[in-house]
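Below: the structure, in structure tokens.
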């Protein structure tokens, strides 16, 4: 099968350039592809928004794929879910009200629920099929939905935010896919302005923000939009995730005007002993890796570091 | 072409499971493969030790492959070369004598040469063809050989170390391939003992030490061997490298008994202004990323952190 055929099959969400393997080929990362050996395809479906696939891989556990792009594997999802959640929530004292946009698999909910100060967790996911598939195939991820503090809203994140009273949330976590497809709006300035409005003074947002190795141009735009929108802190952090392109993923962490937030020095460390006994121990996050996540290689620091622009 | 055929072609060092692409399939990372689109194969050869290939990729520049495994790409080699070199050399004051084992491409030499305190740089590379190929195809990497402080020794690293007078070097950098093939000995205890002997009291070694996502068992062995051998500090650090399996690579940093070395707090920061004008600016390394490199995810910290064992 040639590469063009691979691209065609990607359009249908089931790229399989190496027969018996899943290959992730995308115009988002031209000229490279990561492949996982497939033991068995467990689910294939098409929702109103995207193609959804679940397969059993031979060495990464079960894998969730949206529009041909790996969203999570059982083996390494801990890194992404724990970092996108605890980077913001450990940076402010006593977060009480949290909004998750996207994140339909439930993994971020599972992590938010570790924080005993949290009273209310809203989640707005556009695609109900992602929720259902996760509950069926990824019970250790979708377990987040079982927390009684969680309310699921199926719908568009932008529309949801427009209806949120000003200053409602302490933290907003935007767990989106890439800015091609249903998540495109979540990388644009009007969306960030709605997020800022929904946050209390000194509230925080953490958004998925791509890889410095692959998408510095997208990241520079996000940073620029965030610097215009959020009048508190604006920082970029990153973590290793083997099954994401380039092996890493970044996050934008911003705060609104109000009590200052120093993201690099977490004031609300999460203690494993405080976690509910029913929740598995943290696999990835700790206070040291929190601080380290904000240290950038020189090539990135020059473009988006505190002194850049 | 099926996967078995891919494995067969890997034996010859020229894996190409996706026609027109190079795919890295290995028993070292079963069930996954990273692929790069090939524009043109520039060199294929078989030395006394391994298969060597150079190709022009479509998005990562030229790529050096040994026995089917990517050693460097022009796009991301800065991360590996700068980190494996400056993590040890910035951790001790005024390094003067440095030994590089492996590293035939010359990239580590290029980085060592940034340190104006260094008077003598020995390199012991087993495979002369790697040196020649790098000089021909990777001039920006092999530029390290042009420094007058460099002496190239072609031969076996273990034999070389046996002949080194005790306490000769301030720092030893082991830039090896994986522990399958010609580099196998470089991961075993007798080798570490020879390295320790070659170092002055309070001297430092940095060795390539695999990925915590893939090879925790190998890393635990290395850490155990190093704790028995090096009576100063023993630390594991890591960096992001997109074209290495799992998107990251680790390093063991150890010091011999003597003046204490605190690897996490570099005492010899490298100032870009001090670098020779002919050398390109640092792309990746800085003092912040140095300190951050020692922060480990919880799953790794439990196994090899300071309190483990």
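The length gained by stretching the chain between residue A:149 and residue A:185 to full extension, at 0.36 nm per residue less their Cα-Cα distance, is 10.2 nm. Restricting to bridges with both residues inside chain A, how much of the DSSP beta-bridge set is antiparallel, in percent to the nearest 5? Of the beta bridges lying entirely in chain A, close to 60 percent run antiparallel. Among beta bridges identified by DSSP and lying wholly in the protein assembly as shown, the antiparallel ones come to about 65 percent. Say we join alpha carbon atoms closer than 10 Å with springs in a Gaussian network model of chain B; which of B:294, B:284, B:192 then has the biggest fluctuation? Greatest mean-square fluctuation among the candidates belongs to B:284. FRET efficiency for the residue A:128 to residue A:193 pair, using the beta carbon distance and R₀ = 35 Å, is estimated at 0.80.
Extending 7 Å from the Cα toward the beta-carbon at both residue B:43 and residue A:58 defines two label points whose distance is 3.3 nm. Among A:36, A:194, the order by Cβ neighbours within 10 angstrom, fewest to most, reads A:194, A:36. By other beta-carbon atoms within 10 Å, ranking B:49, B:169, A:285 with the fewest at the front produces B:49, B:169, A:285.
Counts of other chain beta carbons within 10 angstrom of each beta carbon in peptide A:239-250 average 5. Principal axis extents of the C-alpha atoms in region A:21-111 (largest first, rounded to whole Å): 45, 28, 26. Here the peptides B:119-128, B:74-83 are ranked by packing, the mean other Cβ count within 10 Å, and the order with the highest first is B:74-83, B:119-128. Between the Cα long axis of helix A:77-89 and the first principal axis of chain A there is an angle of about 20°, rounded to the nearest 10. In this simple spin-label model, placing a label point 7 Å from the Cα along the Cα-to-Cβ direction at both residue B:267 and residue B:116 gives a separation of 2.0 nm.
The alpha-carbon positions of the protein assembly as shown define a convex hull whose volume is 137 Å³ per residue.
Counting Cβ atoms of other protein chains within 10 Å of each Cβ in B:219-227 and taking the mean gives 0. Normalised by 2.2 N^0.38 Å, where N counts its residues, the alpha-carbon radius of gyration of chain A equals 0.95. Normalised by residue number, the volume inside the convex hull of the Cα atoms of region B:103-212 is 118 Å³ per residue.
The mean number of Cβ atoms from other chains found within 10 Å of a Cβ in peptide A:20-27 is 3, as a whole number. Among B:249, B:25, the order by Cβ neighbours within 10 angstrom, fewest to most, reads B:249, B:25. Rounded to the nearest 10 degrees, the inclination of helix B:216-229 to the longest alpha-carbon principal axis of chain B is 30 degrees.
Annotation for residue B:228 and residue B:96: the two label points, set 7 Å from Cα along the Cα-Cβ direction, are 3.4 nm apart.
Measure out, as a whole number of angstrom, how far apart the alpha-carbon centroids of region B:28-87 and region B:202-273 sit. Each part's Cα centre sits 22 Å from the other's.
Read-outs throughout are calculated quantities, based only on the coordinates presented, and are distinct from any laboratory measurement. Worth saying up front: this structure is predicted, and the values here are computed from it rather than measured. Every residue, glycine among them, receives a Cβ derived from its backbone with ideal geometry; neighbour counts consider all protein chains shown.
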